[in-house]
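To start, the structure under review is shown below, and the notes come after it.
Coordinate-derived values only; no laboratory data. As the structure is a computational prediction, the values presented were derived from the model and not from experiment. As a convention, Cβ positions derive from the backbone with ideal geometry for all residues, glycine included, and neighbour counts pool all protein chains shown.
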Amino acid sequence: MSRVAGLVILLLSGVGLFLSLWTVVPAPTFALLPLGVGAPEISPLLMLVNGQVGLDAVVLFSASRRPAARRMARSAIALSLVALLLSSLPLLQLRGTVQQVDQAMRAALGDSYDLSPNASRRGRSRPFVFSDLLLGIPIPADVSAESIEYAAADGTPLRLVKYQPVVRPPEPMGAIVALYGGAWHTGDADDNAHFNQYLAARGYTVIALDYRHAPEHPFPAQLQDVQQGLQLIRQRAAAWGIAGDRLALLGWSAGAHLASLVAFQPGAVPVRGIVGYYGPVDLAEGYRNPPRPDPINTRALLEDFLSGTPDTRPAEYRAASPITYVRPGLPPVLLIYGDRDHVVKPEFGQQLYQALRANGNTAALIRLPWAEHAFDVIFRGIGGQIALYHVERFLDWAIAQ
């Protein structure tokens, strides 16, 4: 029996080490990318499992008299110790990261950024809550979601999803326009539904916009679709109970790129703020210096999106890069990047942040040292919680301005 127990514990310790390795090892392929994204975000849970398996191995080693079982237990102890160390790294970085993020927010928005009238209403009490990692972040049920169809300029069917509190306040609400990611190739307006429901429950209208995809519809189709969606929102603002002058943009990856691009355009629809999760900034430079490893084949995606390379389509690469349009007078911007991002290098977020500040704009940059691209797909994860805490406060601050 002790031999079977030894095999089970050795197997569990090996699995724990395999999963924990992805907190430090970058995913070399797209198929493995979910491990690189997920492992750091749930690392406290991995740490607990690794610790328990290690304790079980110690008990087996102490209780067993069979040499084979003791050898397996000894190996399991070693594997669990390494896994425990790896899975503890994000948690060891947590306190310092929270302090740095708070300092960055205060430097950009002022010491009272988290004291806006909406900040305490259903908002998160702390940047990280372990019980939410274990049980999930509660999503209030008193939110309605309505799907509305319309068409792009070329007749392509598009759709938006409008999230609102079931009981709407008598005064017009601020609105958050959400743009999904997917490398300009995939995704739809139903993406990020939990996030959008969460924000709507805090008293906002959240409108998730659709846009056409490459390579069938190369740039600037996506920019045109977002601009059209914003015009549609403004036209229907009164009917939807929205304050048309209290809009903010929020996007993920390709959606963050589009949010910045549309808001930075001369003559753009005015918005109160922009939140960008790990968005591309300088597409030509991103093509020339892709991440290593590069699990999504960045160059191929950019060639589809822009119908060529920076050498064959330099004007398109420049026109599609948010950094091109940075100038004084832009809306406040919150940028969020993971330092282990192997899809959009975090240095590009730093570049945009510095350019915005150099031009006198309000900007804050959050960098999470353990996080990969799309880390907040794990809505309850460490980085997801920290980002959400500060995103909701940034939006409260910006929309209230």
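To the nearest 0.05, what FRET efficiency results for LEU45 and ARG65 with a Förster distance of 35 Å applied to their C-beta separation?
0.55
From the phi angles alone, apply the Karplus equation (6.51, -1.76, 1.60; θ = phi - 60°) to the stretch 360-376 and give each ³J(HN,Hα) in whole Hz, x where the residue is Gly or Pro.
x, 8, 7, 8, 10, 10, 9, 10, 10, x, 9, 8, 8, 4, 6, 4, 7
Would you mind counting up the charge near PRO172? Only other residues with Cβ under 15 Å from its Cβ, with Lys and Arg at +1 and Asp and Glu at -1.
Spelling it out: positives minus negatives among the neighbours equals +4.
When DSSP beta bridges are limited to those with both residues in the chain, what percentage is antiparallel, rounded to the nearest 5?
About 30 percent, rounded to the nearest 5.
Which of the peptides 151-163, 248-260 is most tightly packed, and how do the rest follow, judged by the mean count of other Cβ atoms within 10 Å per residue?
With the highest mean Cβ count within 10 Å placed first, the list reads 248-260, 151-163.
Scan around LEU368 for amide H atoms under 5 Å from its own, H built in the peptide plane at 1.01 Å from N, and keep only partners 5 or more places away or cross-chain.
TYR337, GLY338, ASP339
Residues with amide H under 5 Å of VAL177's amide H, sequence separation 5 or more or different chain, H placed in the peptide plane at 1.01 Å from N; which?
Residues meeting the criterion, in which the H sits 1.01 Å from N, are ILE207, ALA248, LEU249, LEU250.
Starting from the Cα coordinates of the stretch 2-92, work out the convex hull volume and express it per residue in Å³.
79 Å³
List the pair-distance distribution P(r) of the stretch 104-242, using every Cα-Cα distance, as the percent of pairs falling in each 5 Å bin from 0 up to the bin containing the longest distance, rounded to whole percents.
Reading the bins upward from 0: 2, 9, 16, 18, 17, 15, 12, 8, 3, 0.
Largest first and to the nearest Å, give the Cα extent of the stretch 65-174 along each principal axis.
Projected onto its principal axes, the Cα set of the stretch 65-174 covers 73, 43, 31 Å.
Applying the Karplus parametrisation 6.51 cos²θ - 1.76 cosθ + 1.60 with θ = phi - 60° to the phi angles of the stretch 293-305, what ³J(HN,Hα) value in whole Hz is obtained for each residue in order, glycine and proline being reported as x?
x, 10, x, 10, 6, 3, 5, 5, 5, 5, 5, 5, 5
If N is the number of residues in the chain, what value comes out of its Cα radius of gyration divided by 2.2 N^0.38 Å?
1.08
Order of TYR325, TYR204 from fewest to most other C-beta atoms within 10 Å?
Ordered by Cβ neighbours within 10 Å, fewest first: TYR325, TYR204.
Under 5 Å between amide H atoms, partner at least 5 residues away or on a different chain: which partners does ILE242 have, H built in plane at 1.01 Å?
For ILE242, whose amide H was placed from the backbone, the distant partners under 5 Å are MET173.
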